Amino acid sequence: MFGRKNKIEIKTPAQFDKMRVAGLVVADILERLRNESGVGVTTADLDRIAREELVKRGATPSFLGYYGYPSVICSSVNDEVVHAIPNPRPLQDGDILSIDFGAIVDGWHGDSAITIEIGAPVSAHTKLSDTTRESMWAGLAQAQAGNKISDISHAVEAVLRSGDNYGVLEEYGGHGIGTKMHMDPFVPNFGAPGHGLDLVVGMALAIEPMATLGSRHVKTLADDWTVVTVDGSYASHWEHTVAITEQGPWVLTAHDGGAEYFAAHGISSPASAKN
Ligand code: MF3
Ligand code: CO
């Protein structure tokens, strides 16, 4: 599962600047989708909006046609963890929705996911989503030259384990990204620190923790895409694309590049200078 070092795509600063353009398109469109989400809206509606926004910006979807995937977003509701296909069922009060979205600009990909509560928040769902989001940021903070892949994995897992006995998926994880959406290396969301590939300047990674309120075990439905929990427990998924730069991590799919989080945690990042 771990890529070899010579297969890793190393980007120049100018190429990171191009990935930033794609990342901001993803950030803008996800923000629009968050604002459009609500009771009575369908995930098919959200997919249509994402398609319109892509056209407006002259960007290309990363997901549409990927191994035959039929939509531009993945919209995973409740016990669906990831890769669910948009559909005409209206969202309901109490649903927990993850929207995963990727775009290509000038050949470079950005990939990001958010979790949204529909209607009135449910405290257990809010805590699950907040913890999963926080685990993503802990992982992003480890995206620094001199660390190893599993330093990210360990940081993600440590935050997820601080939750209410959440299920932590083992079959899915983060990935390298750049001229393709999914590239080496695979980035597990669990494991001891200090193992795997050396992180070096020029790598770009998508960090994407997934956690459930129950068991970590999942299965894929007959549509060959939708990943659901076997015990029916609800799940959260968050994702950002991060560049490993000379000056530290730069979160390409966050509007502020990660400036706020990194400043609060004493981590140096090019984000504040660039925004
Ligand atoms: N963006 C997802 C990931 O984070 C992959 C989506 S699968 C697709 O890795 F088929 F929808 F593209
Ligand atoms: Co991804």
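The values are calculated or read from the model by the stated rules, or taken from the named source; none is laboratory data. These numbers come from a predicted model, not from an experiment. Cβ placement follows ideal geometry from the backbone for every residue including glycine, while neighbour counts extend to all protein chains displayed. Note: areas computed on protein heavy atoms with side chains; ligands, DNA, RNA excluded. Shrake-Rupley method; radii C 1.70, N 1.55, O 1.52, S 1.80 Å.
A few points about this structure:
- Test: residue in the stretch 91-101 that is closer than 20 Å to Gly23 by Cβ and in contact with a His (Cβ under 6 Å, 6 or more places away or on another chain): yes
Condition check ((1) surrounded by fewer than 24 Cβ atoms within 10 Å (Cβ to Cβ); (2) touching a residue at least 60 places away in the same chain (Cβ under 8 Å)) across all residues:
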{"residue": "Pro90", "(1), (2)": "yes, no"}
{"residue": "Asp93", "(1), (2)": "yes, no"}
{"residue": "Ser98", "(1), (2)": "no, yes"}
{"residue": "Asp106", "(1), (2)": "yes, yes"}
{"residue": "His109", "(1), (2)": "no, yes"}
{"residue": "Ser112", "(1), (2)": "no, yes"}
{"residue": "Ala120", "(1), (2)": "yes, no"}
{"residue": "His125", "(1), (2)": "yes, yes"}
{"residue": "Ser135", "(1), (2)": "no, yes"}
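- Considering the stretch 191-239, the qualifying strands (runs of 3 or more DSSP E), each wholly inside and each with 1 or more residues that are within 16 Å of ligand 1 (Cβ to nearest atom), closer than 20 Å to Tyr69 by Cα and within 20 Å of the chain's Cα centre (by Cα), run over 204-207, 218-220, 227-229, 235-237.
For every residue, the table says whether it meets (1) part of a loop (DSSP other than H, G, I, E, B); (2) open to solvent by less than 20 Å² (accessible area, probe 1.4 Å); (3) within 14 Å of ligand 1 (Cβ to nearest atom).
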residue	(1), (2), (3)
Ala14	no, no, no
Val26	no, yes, yes
Gly40	yes, no, no
Ser75	no, yes, yes
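- Candidates Ala120, Ala113 - the one that is aliphatic (A, V, I, L, M) and either more than 16 Å from ligand 1 (Cβ to nearest atom) or not in a strand (DSSP E or B) (or both): Ala120
- Check on Leu54, open to solvent by 60 Å² or more (accessible area, probe 1.4 Å), more than 27 Å from Leu213 (Cα to Cα) and within 21 Å of the chain's Cα centre (by Cα): no
- Some residue of the stretch 241-258 being aromatic (Phe, Trp, Tyr), surrounded by 16 or more Cβ atoms within 10 Å (Cβ to Cβ), more than 16 Å from ligand 1 (Cβ to nearest atom) and under 21 Å from Phe16 (Cα atoms): yes
- Tally of residues being in contact with a Gly (Cβ under 7 Å, 6 or more places away or on another chain), open to solvent by 30 Å² or more (accessible area, probe 1.4 Å), within 16 Å of ligand 2 (Cβ to nearest atom) and not hydroxyl-bearing (Ser, Thr, Tyr) across the stretch 147-193: 3
- Test: Ser71 is in contact (Cβ under 8 Å) with a residue 24 or more places away in the chain, within 16 Å of ligand 2 (Cβ to nearest atom) and assigned to a strand (DSSP E or B): no
- Any hit, the stretch 264-275, residues being buried (at least 24 other Cβ atoms within 10 Å of the Cβ), within 20 Å of the chain's Cα centre (by Cα) and at pLDDT 95 or above: yes
- The set of residues from the stretch 202-217 being more than 16 Å from ligand 2 (Cβ to nearest atom) and crowded, with 24+ Cβ neighbours inside 10 Å comprises just one member, Thr212.
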